[in-house]
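Asks: The structure is given below, and queries will be raised subsequently.
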Amino acid sequence: MSNDKMLKLIDAAAKGDIEAARKLGEGYFKGSFGGKNYEKALKWTRYAAKRGDEKAVELLAEIEKKTGTV
């Protein structure tokens, strides 16, 4: 994913776009932004999950299992 796309997702998520937050979490988890960043993956995925995004809830469970965090 390009830096421009990533920055647009960050901007949208910061403004409350739940889908963008989930996509950020997924991208950081999978390393789509140039490297994996579990801390940022947890941050954005938790944000989306707390706001009712079902896919984010599932992803959050996967990230927490992988990282051993809750």
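Derivation of every value follows stated rules applied to the coordinates shown; laboratory data play no part. Just so it is clear, the structure is predicted and the values come from calculations on it, not from any experiment. Cβ: placed from backbone, ideal geometry, glycine included. Neighbour counts: every protein chain shown.
Yes or no, residue by residue, for (1) in contact with a helix residue (DSSP H, G or I) (Cβ under 8 Å, 6 or more places away or on another chain); (2) of a type in the set (A, V, I, L, M, F, W, C):
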position	(1), (2)
M6	yes, yes
L9	yes, yes
A14	no, yes
Y28	yes, no
L42	yes, yes
T45	yes, no
A49	yes, yes
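Asks: Only one of these is free of Cβ contacts under 8 Å to residues at least 12 places away in the same chain and assigned to a helix (DSSP H, G or I): E19, E62, E26, E39. Name it.
Replies: Details: E19 fails: free of Cβ contacts under 8 Å to residues at least 12 places away in the same chain; E62 fails: free of Cβ contacts under 8 Å to residues at least 12 places away in the same chain; E26 fails: free of Cβ contacts under 8 Å to residues at least 12 places away in the same chain.
On inspection, the qualifying residue turns out to be E39.
Asks: So A20 passes all but one of these: (1) in contact with a helix residue (DSSP H, G or I) (Cβ under 7 Å, 6 or more places away or on another chain); (2) surrounded by fewer than 16 Cβ atoms within 10 Å (Cβ to Cβ). Which condition number does it fail?
Replies: (2)
Asks: Working only within the stretch 23-70, note down all residues that are among the hydroxyl-bearing types (S, T, Y), more than 18 Å from N3 (Cβ to Cβ) and buried (at least 19 other Cβ atoms within 10 Å of the Cβ). Walk me through how you get there before you give the answer.
Replies: Looking only at the stretch 23-70, we keep the residues that are among the hydroxyl-bearing types (S, T, Y), and these are 28, 32, 38, 45, 47, 67, 69.
Adding the requirement that they be more than 18 Å from N3 (Cβ to Cβ) leaves 38, 45, 47, 67, 69.
Residues satisfying the conditions are T45, Y47.
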